[in-house]
């Protein structure tokens, strides 16, 4: 380190280089900060949803032992097989029976806090297992909404002592509520469920997949393998690229103006929702499909052509099977996006209050994201937790779909 | 459910035709012996199956459109329909009720007047089902028989089948053009109707927005969309971009230039998850978590009238949503800069950050700018975040703490309200959609051009 060999390293030089290295470090730190910010926001989002959502999978339940042997409920075993068995139990006096059982267990005031439809859960248990009528069973029945709020220490003051008293006795507790996954929308957050919306989402996605996947793949094959270079092809390409970037709400307007004009009776049906989302998903599938097809090396095509395959055979016997994993990845990502889409479905009327799960592609339905939106609009505190729980379910579905896409990509990706 | 059953029937007939033709082709093979068939037996099978399926599918598509109208008109012609109310809501309700009972969806009619219509409906529906079934069978057999009789050992079945396949491929790619045309047509049509009631000048340059869906006539002074355009630009193009551009760009730079492969393998999927979160979840997050924080912060610095719905909360969350998008666009454009430019700069003694700031980013700038334009087009078209967090008041202000409304919010509000479809308030949603469509189209078009030219420059 003699002076002669480093004559350029003057004091000014050293100072400058120090400054430059400091700037370098700062810059790198800012970059790291940007990433950390994004990841932190993601973490806050997920954690806050989970914290709220865990409560959403629970509800406040009163413990009511019912002894059917002494209660004297008379009903034929055959009636319980009928479709309207719950009504039959109602006329047989089940609501009164449940109420008196509740009075016995919780006292008169406590029994009043039972949810209005709590007896229905007892009725469903009996329909599922008629042998119950000859035995005794302890039910955990939903309290009404005001009493549930009282357990959280909110809502009406005068209910809180009673809630606390029953809670201390172990008769009034928040319990895991598996029915949340099996019920449908309701006005009372204590008895809402997500199954109706989930089923609506599944039906809608089936329609979307059935339309967007074949059309998207076939269009990608045409554009990549056969399309002549002319104005029409350019027009198709420009429309696909633009459709991929058109705001989703515009597709909702299209669905409203065109599909609902053709099928006015199917307002808020999964059929119309699926068709609207299919138009939105198709360009995504075309674009990812084209990339996957492009990645298949030309030598495959040349080889097949050389041994006498026709152009159609080349594509359907060789190119398409090789490109399929890539196409599937793109399709799953497109479907995941469609599953989380809300705005276009609001436009075509899938925001109605639907209290029963849809029984077909043409019956009124709602979907998960719209259900989340509707619940988030509710003023009742009980809905906040339910909304977060629904969000967790939606995110789990999206996570599974994206995970599947990543797995497919890693498992079948070929480097040629 | 009738079209579904017909389609299943068509599939069955197609399968029968397929099997029959295949058997016949194998028969030829045995008869002819040494001479070869003009195509593989499966192609004969597909040829017949296509001739069975295509006419039926075309028929079912047309029939499911015509049949309900035929049913309705034949019911209306029946004597029971004579004493129906002339027009309007009640008439439709009765018809729907009677139809629901006739098809078994409902147990009984609510309206006694509809009772008499049930029988005609049942008859008409039964009749139309019979016609549909018969036509399906006849068409299937005719198409199948014609094709079946045409197949001979020297019949070029493969070329015929492949021509149909090419036709189907072309049709599939035309769906994109049809969709674009459908969007343009529906938006233009309704927008023209709207402009027949409210002049474009009042709409585009008016500064007061407050449509009244219940008012009998349109008051043009209530349809000024400037506050909506301003709200959209302020939230989507200003606040969101102030968040998204620096964070997205720096994320991309860190990921591509600094992060070790292990970190990259973890951080990139995290950003992808951020991009995959549905907008309704972001909206909920904005309304439930971010908006109260913004309000409390505003109150803490001495602004007493801060509202719980603010442009700032919506804009910031929208910016976070856009970060992964900006980041991946910037990532692509930086990766497209030739390695030689980077190496040259480093060889001259520049530090990594100097190389990035002075060489890579300037070289990648066209791509980055195009990416930002796409990001803006996405932000201004975003709906759920503003619906849930930005508020409904059309304020023309530059204060980010006030509630502000956007084009997309008003489209949702106008179309999910109670107004009838002919009311200018409802139609204004289509005019707003038209403006939104044109703006995003313009942004996308320019951006894609820039990206294309930029790519060519380095290839």
*Could you list, in sequence order, the residues of region B:388-419 that are within 8 Å of another protein chain (Cβ to nearest Cβ) and either crowded, with 22+ Cβ neighbours inside 10 Å or touching a strand residue (DSSP E or B) at 6+ places or on another chain (Cβ under 6 Å) (or both)?*
B:388, B:408, B:411, B:412, B:415
_Leading residue by the ranking (farthest from residue B:46 (Cα to Cα)) among those in region B:159-169 that are within 7 Å of another protein chain (Cβ to nearest Cβ) and in contact with a helix residue (DSSP H, G or I) (Cβ under 6 Å, 6 or more places away or on another chain)_ = B:169
*So which of B:181, B:187 is within 22 Å of the chain's Cα centre (by Cα), at the interface with another protein chain (Cβ under 10 Å from one of its Cβ atoms) and either free of Cβ contacts under 8 Å to residues at least 40 places away in the same chain or over 24 Å from residue A:253 (Cβ atoms) (or both)?*
B:181
_Of all residues in region B:420-434 being away from chain A (no Cβ under 11 Å) and assigned to a loop (DSSP other than H, G, I, E, B), the one that is modelled with the lowest pLDDT_ = B:420
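Take region A:215-233 and flag every residue that is assigned to a helix (DSSP H, G or I), free of Cβ contacts under 8 Å to residues at least 24 places away in the same chain and more than 7 Å from chain B (Cβ to nearest Cβ).
A:231, A:232, A:233
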*asked:* Here is a list: B:204, B:174. Which entry is more than 10 Å from chain A (Cβ to nearest Cβ) and assigned to a helix (DSSP H, G or I)?
replied: B:204
_Number of the condition not met by residue A:184 [criteria: (1) modelled with pLDDT of 80 or more; (2) touching a strand residue (DSSP E or B) at 6+ places or on another chain (Cβ under 6 Å); (3) buried (at least 21 other Cβ atoms within 10 Å of the Cβ)]_ = (2)
*For region A:3-106, which fully contained helices (runs of 4 or more DSSP H) count at least 2 residues that are within 35 Å of the chain's Cα centre (by Cα)?*
A:11-56, A:85-91
*Quick check, is residue B:445 closer than 25 Å to residue A:344 by Cα, in a loop (DSSP other than H, G, I, E, B) and without any contact (Cβ under 8 Å) to a residue 24 or more places away in the chain?*
no
*Among the residues of region A:107-130, write down those that are closer than 17 Å to residue A:88 by Cβ and in a helix (DSSP H, G or I).*
A:119, A:120, A:121, A:122, A:123, A:124, A:125, A:126, A:127, A:128, A:130
*Find the residue count for region B:246-290, including only residues that are more than 25 Å from residue B:370 (Cβ to Cβ), more than 8 Å from chain A (Cβ to nearest Cβ) and more than 27 Å from the chain's Cα centre (by Cα).*
7
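Condition check ((1) in contact with a helix residue (DSSP H, G or I) (Cβ under 8 Å, 6 or more places away or on another chain); (2) buried (at least 23 other Cβ atoms within 10 Å of the Cβ); (3) part of a loop (DSSP other than H, G, I, E, B); (4) within 11 Å of chain B (Cβ to nearest Cβ)) across all residues:
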| site | (1), (2), (3), (4) |
| --- | --- |
| A:315 | yes, yes, no, yes |
| A:325 | yes, no, no, no |
| A:328 | yes, no, no, no |
| A:334 | yes, yes, no, no |
*Scanning for something facing chain B (nearest Cβ under 8 Å) and without any contact (Cβ under 8 Å) to a residue 60 or more places away in the chain, does region A:181-195 turn up at least one residue?*
no
*If only one of A:388, A:363 is part of a loop (DSSP other than H, G, I, E, B), within 12 Å of another protein chain (Cβ to nearest Cβ) and in contact (Cβ under 8 Å) with a residue 24 or more places away in the chain, which one is it?*
A:363
*Filter pass, residue A:355 being assigned by TED's automatic domain parsing to the domain that holds residue A:260, assigned to a loop (DSSP other than H, G, I, E, B) and closer than 26 Å to residue B:164 by Cα*: no
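Residue by residue, here is whether (1) within 42 Å of the chain's Cα centre (by Cα); (2) modelled with pLDDT of 85 or more; (3) buried (at least 17 other Cβ atoms within 10 Å of the Cβ) holds:
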position	(1), (2), (3)
B:3	yes, no, no
B:17	yes, yes, yes
B:32	no, no, no
B:44	yes, yes, yes
B:73	yes, no, no
B:76	yes, no, no
B:88	yes, no, no
*Just to be sure, is residue B:382 at pLDDT 90 or above, within 14 Å of another protein chain (Cβ to nearest Cβ) and crowded, with 24+ Cβ neighbours inside 10 Å?*
yes
*Please specify each residue of region A:366-383 satisfying the condition of being within 11 Å of chain B (Cβ to nearest Cβ), buried (at least 24 other Cβ atoms within 10 Å of the Cβ) and part of a loop (DSSP other than H, G, I, E, B).*
A:367
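Yes or no, residue by residue, for (1) within 27 Å of residue B:270 (Cβ to Cβ); (2) crowded, with 24+ Cβ neighbours inside 10 Å; (3) in contact with a helix residue (DSSP H, G or I) (Cβ under 8 Å, 6 or more places away or on another chain); (4) not assigned by TED's automatic domain parsing to the domain that holds residue B:267:
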residue: B:308; (1), (2), (3), (4): no, no, yes, no
residue: B:315; (1), (2), (3), (4): yes, yes, yes, no
residue: B:327; (1), (2), (3), (4): yes, yes, yes, no
residue: B:336; (1), (2), (3), (4): yes, no, yes, no
residue: B:350; (1), (2), (3), (4): no, no, yes, no
_Pick from region A:239-287, criterion more than 8 Å from every other protein chain (Cβ to nearest Cβ), surrounded by fewer than 24 Cβ atoms within 10 Å (Cβ to Cβ) and under 16 Å from residue A:220 (Cβ atoms), ranking: modelled with the lowest pLDDT_ = A:244
*Please state which of the following conditions residue B:437 fails to meet, knowing it meets all the rest: (1) in a helix (DSSP H, G or I); (2) surrounded by fewer than 21 Cβ atoms within 10 Å (Cβ to Cβ); (3) within 14 Å of chain A (Cβ to nearest Cβ).*
(2)
*So which residues in region A:45-66 are closer than 16 Å to residue A:111 by Cα and either within 14 Å of another protein chain (Cβ to nearest Cβ) or surrounded by fewer than 16 Cβ atoms within 10 Å (Cβ to Cβ) (or both), if there are any at all?*
A:65
*asked:* Of the residues A:320, A:339, A:399, A:395, only one is over 20 Å from residue A:286 (Cβ atoms) and either touching a residue at least 40 places away in the same chain (Cβ under 8 Å) or surrounded by 15 or more Cβ atoms within 10 Å (Cβ to Cβ) (or both); which?
replied: A:395
*asked:* Test of understanding: among B:294, B:299, which residue is more than 14 Å from chain A (Cβ to nearest Cβ), part of a helix (DSSP H, G or I), over 32 Å from the mean Cα position of the chain (by Cα) and crowded, with 22+ Cβ neighbours inside 10 Å?
replied: B:294
_Conditions (1) in a helix (DSSP H, G or I); (2) surrounded by 15 or more Cβ atoms within 10 Å (Cβ to Cβ): number failed by residue B:213_ = (1)
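The values are calculated or read from the model by the stated rules, or taken from the named source; none is laboratory data. Worth saying up front: this structure is predicted, and the values here are computed from it rather than measured. Positions of Cβ are generated from backbone atoms using ideal geometry, with glycine treated the same way; all protein chains shown enter the neighbour counts.
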